[in-house]
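Have a look at the structure below before the remarks.
No value in this document is a laboratory result; all are computed from the given coordinates. What you see is a predicted model, and the numbers here were worked out from it, not measured in a lab. Note: ideal-geometry Cβ built from the backbone for every residue, glycine included; neighbour counts use all protein chains shown.
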Amino acid sequence: MDRAGIEALLVALSEGRASVNEAMERLRNLPFEELGFAKVDHHRALRTGVPEAIYAAGKTTAQVAEIFLRMAQAGGNVLVTRASREVYEAVHAAEPRAEFHETARAITLTQAPQIPGKGMIAVVCAGTSDLPVAEEAAVTARLMGNTVKLIADVGVAGIHRLLACKDALQTARVLIVCAGMEGALPTVVGGLVNAPVLAVPTSVGYGASFGGVAALLGMLNTCAPNVSVVNIDNGFGAACIASLINHM
């Protein structure tokens, strides 16, 4: 439950639209719910501004479905990252409103209104191969109440493609830029805009890219002072930071 959910519940209670027992039922699992194999942090959004998400890798399909159902019952929006179609089918059987975003490898449930972000978040990716990470960022940011524009396949090998999008880049309040290979795109974007740029190195490239390490090091050595870097393939993390900035 996030701040907006708590406030709505308290208003409903004060106006007589909810009983004390109903409010207690909604609040009884704060700050976390014990499932035996997991402790679901329903309090995280209220505490940090970013809700708990379910990282599917390493969990069984039954575990993901159970956590998803408990989070859905708490009344908030729910996000699963790094999910396969098999995981989605298990989740969908437990909660039919769940949606699968195949490219992003994400599952979402949208049921709680979010405080809208103050501007637009641009998610930019160098090549089509970077789309899974970029889409993860876009899905995450939208679920958190942000307006998102995805700008794809504008890598530095064809710089004219990026420059054709300059107006859209310059209207963004925050930018997430995903790139593999040598990881040059965030520096170029950073030189074009007066906004924070969150660089996401991706594990895309031939052998000497070392699974995204080359892009990571290139981004860390950027000469653009408005660029900050998250971990390899971490579209989710970049979206969380971008959303916090966009809501400030």
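Cβ screening of the chain for cysteine pairs under 4.7 Å finds these without a partner: CYS165, CYS223, CYS240.
Determine the calculated [θ] at 222 nm for the chain from helices alone, applying -39500 (n - 2.57) to every DSSP H run no shorter than 4 residues and normalising by the residue count; nearest 500 deg cm²/dmol. It lands at -11000 deg cm²/dmol.
What relative contact order, as a whole-number percentage, does region 74-119 give when Cα pairs under 8 Å and 6 or more residues apart are counted?
Relative contact order here is 47 percent.
Taken as entire DSSP H runs, the helices of the chain that both span 15 Å or more between Cα atoms along their own long axis and average -0.5 or more on the Kyte-Doolittle scale are 3-14, 61-73, 131-143, 235-247. Compare ILE159, ILE176, ILE54 in a GNM of the chain, Cα atoms joined below 10 Å, and give the one with the largest fluctuation. Most flexible of the set in this elastic network: ILE159. Could you work out the Kirkwood radius for region 120-247, taking every pair of different alpha carbons, averaging 1/r and inverting it, reported in Å? Value: 13.7 Å, from the Cα pair sum.
The fewest-to-most ranking of THR60, THR222 by surrounding Cβ atoms within 10 Å reads THR60, THR222. According to the square roots a ≥ b ≥ c of the eigenvalues of the Cα gyration tensor, what is the shape class of the chain, taking rounded for a/c under 1.5, prolate for a/b larger than b/c otherwise, and oblate for the remainder? Judged from the Cα gyration tensor, the chain comes out prolate (a/c at least 1.5, a/b above b/c).
Listed highest first by mean packing, meaning other Cβ atoms within 10 Å per residue, what order do 91-99, 190-198, 163-171, 63-71 come in?
63-71, 190-198, 91-99, 163-171
By DSSP, the beta bridges lying fully in the chain are antiparallel in about 30 percent of cases. Once you sort the root eigenvalues of the Cα gyration tensor of region 88-157 as a ≥ b ≥ c, which label holds: rounded (a/c under 1.5), prolate (a/b larger than b/c) or oblate (the other case)? In terms of gyration-tensor shape, oblate. Under 5 Å from the amide H of CYS178 lie the amide H atoms of VAL124, CYS125, ALA126, VAL200, each residue being 5 or more positions distant or on a separate chain, with H modelled from the backbone and absent for Pro and chain starts. Quick check: from the Cα gyration tensor, does region 200-248 come out rounded (a/c under 1.5), prolate or oblate? It is oblate, given that a/c is not under 1.5 and a/b is not larger than b/c.
Considering only alpha-carbon pairs that sit under 8 angstrom and 6 or more positions apart, the relative contact order computed for the chain is 14 percent. Our note on the geometry: Cα centres of region 88-116 and region 163-221, 28 Å apart.
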